[in-house]
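The values are calculated or read from the model by the stated rules, or taken from the named source; none is laboratory data. Only a predicted model underlies this, so the values are computations on that prediction, with no experimental measurement involved. Heads up, the Cβs are rebuilt from the backbone with ideal geometry, glycines too, and the neighbour counts pull from every protein chain shown. Heads up: the accessible areas ignore ligands, DNA and RNA and are worked out on the full protein's heavy atoms, side chains in. Shrake-Rupley method; radii C 1.70, N 1.55, O 1.52, S 1.80 Å.
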Amino acid sequence: MKPTFRAGDFQPDPERDVQEELEAHIEMEAEALMAQGMNEEEARKEARRLFGDRKQFAGAAIREATARERKARWQDRVEAILQDVRYAFRRMAKSPGFTGIAILSLALGIGANTAIFSIVNTILLSGVPMRAPQELVEVYTSEEARGDEPGYPYSLSSVPDVLDLRERTDIFSGVGGYEAFFNRIETEDSVEPVWGEIVSWDLFSILGINPEVGRFFVHEEGQTYGTPPVVVLGYEFWQKTFGGSPDVVGTSIRMANREWTVVGVAPKALQGFTAPGFAMDMFATYKMQGVLNFESSAGPNEDRRSHSTFMKARLAPGVSVDQAQAALATLSAQNREAYPEAWEGRDFNVLASSDVAIHPIVDGPLKAVATLLLTVVAMVLLIACTNLAGFLLARAADRKKEIAIRLALGARRWTLIRQLLTETIILGLLGGVAGLFVAHWTLQALMRFQPPIPIPVNLDVGLDGTVLLFALVVSAAAGLFFGLIPALQSTKPDVAPTLKDETRTASGRQKRLSLRNGLIVTQVAISMVLLLGAGLFLRSLQSAGDIDLGFGIREGGMVWVMAMGDDMEDEEFNLAAQSLADRAQAIPGVAQVGFAEMLPLGISYQESGFEIAGVDPPEGQEYLSIAYNVVSPTYFDVMDVPMVSGRTFSEMDRAD
């Protein structure tokens with residue numbers, strides 16, 4: 001049974017309608033002239049002459065009619081969409097159980113995807129808004145392999161390297177350096193650790209970053225070692241410590257045994273340059289490096305062998321990254337000749353800032369982990385979608401007669417598919433809205449976790465515009481994905497047998513069963529992949545727990561003590577540390593107390609050079625080196641570190 005006509009086959013044709021209307025008017029005028037006695041040929045000719053330039057009139061009429069028709073079609077489409085939306089909500093209201101399960105399933109999948117994408121976006125994709133970012137480059141110094149030590153193509157630089165690029169090249173319109181520092185601010189009641197960055201005085205202007213409040217550093221504040229002590233506060237520190245008051249400019253804070261004047265506040269988007277997630281409390285100029293590090297010299301470290309500085313530069317007009325690399329190759333050769341001890345085996349390397357998220361060595365593994373996490377949560381969402389597609393295929397059997405009747409009455413198949421997809425896309429969007437709440441709660445839970453380090457980790461992983469757009473696209477795509485196959489399948493019924501309530505043919509039943517079976521196989525396959533991956537992860541985690549770390553694992557706690565400054569002699573510090581340990585030992589429930597400058601598996605590292613008579617240092621090195629830690633006599637007992645030979649320290653082991 002096929003319909004003999006469809007209402008949609010009669011599409012209006014504005015040009016045809018206008019031409020027919022014009023011909024009708026001309027015909028009426030000709031008939032009037034013939035009634036006055038003209039013959040037919042003359043009457044038609046005179047009627048056309050009296051009517052004027054028909055082409056011009058027809059063109060204007062056609063344009064007006066076309067505009068009206070286009071507007072009418074647009075209104076019809078909007079009305080059809082609104083009708084589909086109303087129909088979809090009525091359908092969902094009739095099956096609240098299925099609707100609730102669908103929204104919950106999608107919320108979990110979309111929420112997990114949104115949460116992971118928010119973290120990835122914060123760390124790898126988003127950045128500080130900077131002026132003309134395509135002109136910015138990262139400059140590193142490479143180190144060739146020496147003996148057993150591997151080479152590093154993207155090592156950090158020294159402060160003199162920054163000055164070299166400023167003063168001895170013309171390929172950059174600006175060059176700035178920065179590095180992290182750790183200090184404390186002092187009040188009458190407490191001492192609070194702060195995490196900040198030492199920057200070139202003009203780094204912010206080079207990058208095109210504007211302050212939130214006040215100003216950044218000026219030229220005079222970057223010229224004299226040790227003065228003036230001025231700082232720019234980080235946005236989060238400003239909010240936490242000063243309540244976001246704009247009157248903070250001009251106030252002072254005490255840090256490193258000095259009073260520092262606040263001159264401005266960095267924008268919210270700028271957490272810091274060194275590493276995403278570490279919200280810097282404040283910024284100071286390089287001229288204050290010696291003060292912040294409590295060094296005898298008030299100025300920055302001028303040792304070319306001290307490589308702790310990151311460099312950012314802005315290319316001069318007309319200079320490309322390749323041209324900058326070629327020019328710096330010449331400067332590298334000059335430095336190797338002028339400073340052989342510091343520059344042997346070293347070269348400058350230039351990378352576009354757009355190609356670097358954190359650091360070239362870190363970016364690769366981090367992107368691989370991000371891809372893995374996004375793939376895992378995408379597979380979770382895929383399982384939910386295939387499960388819902390199976391439900392919709394089962395529900396399609398209950399609607400086959402309704403759809404067959406509508407097709408028999410002349411409904412277009414595309415209209416029915418559009419209605420069915422509207423329902424699933426709305427389900428996807430509702431699941432996306434619920435998923436935003438799931439993502440928000442997930443991120444809040446993750447951000448409450450702080451690793452056992454004295455530096456606060458503060459990832460700004462809110463649901464910003466980019467994340468919301470991602471959630472919208474994923475929600476609509478999910479609704480389209482799990483609704484498309486059922487929509488296509490359910491709008492192809494055998495109309496006549498369905499209307500007669502005849503039993504489905506074996507081939508049709510087999511086709512439907514094979515499609516549903518395919519979806520089931522897909523769900524099982526994806527679930528098996530995730531289960532195997534989770535099992536391997538848990539097994540690896542268990543194996544990692546069985547690794548002999550060289551120290552025992554027991555209940556305990558860690559306390560960081562800040563004793564920075566040159567106003568405390570070594571003996572005074574040792575007495576204070578021992579007094580603190582004794583007071584901690586007296587706390588009920590504390591069995592042992594020890595202290596150390598560094599803890600196992602930490603990020604700190606100390607190395608000292610030494611010589612042994614008759615033993616030559618490794619090739620490329622001037623002396624033998626050894627990593628060391630300074631610990632208390634009770635450290636080995638507290639950490640349960642076994643002695644392979646000999647004994648641990650005792651109170652009698654002193655330098656004197």
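Quick look at the values:
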quantity: Qualifying trypsin sites (Lys or Arg not before Pro) in the range 91-154, DSSP loop, other Cβ atoms within 10 Å at most 16; calculated: Arg131
quantity: Neighbour-limited loop hits for trypsin sites (Lys or Arg not before Pro), the range 242-350 (at most 16 other Cβ within 10 Å; DSSP other than H, G, I, E, B); calculated: Lys268, Arg305
quantity: Label point distance in nm, Arg539-Gln578, each placed 7 Å from Cα along Cα→Cβ; calculated: 5.3
quantity: Evaluated over the range 213-271, the Cα radius of gyration and Dmax, each in Å; calculated: 11.6, 32
quantity: Accessible area, probe 1.4 Å, largest first, for residues Ser105, Ser332; calculated: Ser105, Ser332
quantity: Projected label distance in nm at Thr648 and Ser625, using a 7 Å step from Cα toward the beta-carbon; calculated: 3.0
quantity: Under Karplus coefficients 6.51, -1.76 and 1.60, residue-wise ³J(HN,Hα) of the range 78-85 in Hz, glycine/proline x; calculated: 4, 5, 5, 5, 4, 5, 5, 5
quantity: Residues whose placed amide H lies under 5 Å from that of Arg412, excluding near-sequence neighbours; calculated: none
quantity: Per-pair calculated FRET efficiency, R0 = 51 Å: Val529 and Arg254 via Cβ, rounded to 0.05; calculated: 0.35
quantity: HN-Hα J in Hz across the range 124-131 - Karplus 6.51, -1.76, 1.60, θ = phi - 60°, x for Gly and Pro; calculated: 10, 9, 7, x, 6, x, 10, 6
quantity: Amide proton proximity set for Asn349, modelled H, under 5 Å, gap of 5+; calculated: Tyr140, Thr141, Ser142
quantity: Cα-projected label distance for Val561 with Val321, points at 7 Å along beta-carbon direction, nm; calculated: 4.9
quantity: Largest-first ordering by accessible area, 1.4 Å probe, given options Ser205, Ser608; calculated: Ser205, Ser608
quantity: Low-density loop positions, chymotrypsin sites (Phe, Trp or Tyr not before Pro), the range 193-248 - DSSP coil, at most 14 other Cβ in 10 Å; calculated: Tyr225
quantity: Cα-based equivalent ellipsoid, the range 169-310: semi-axes from gyration tensor eigenvalues, Å; calculated: 23, 19, 14
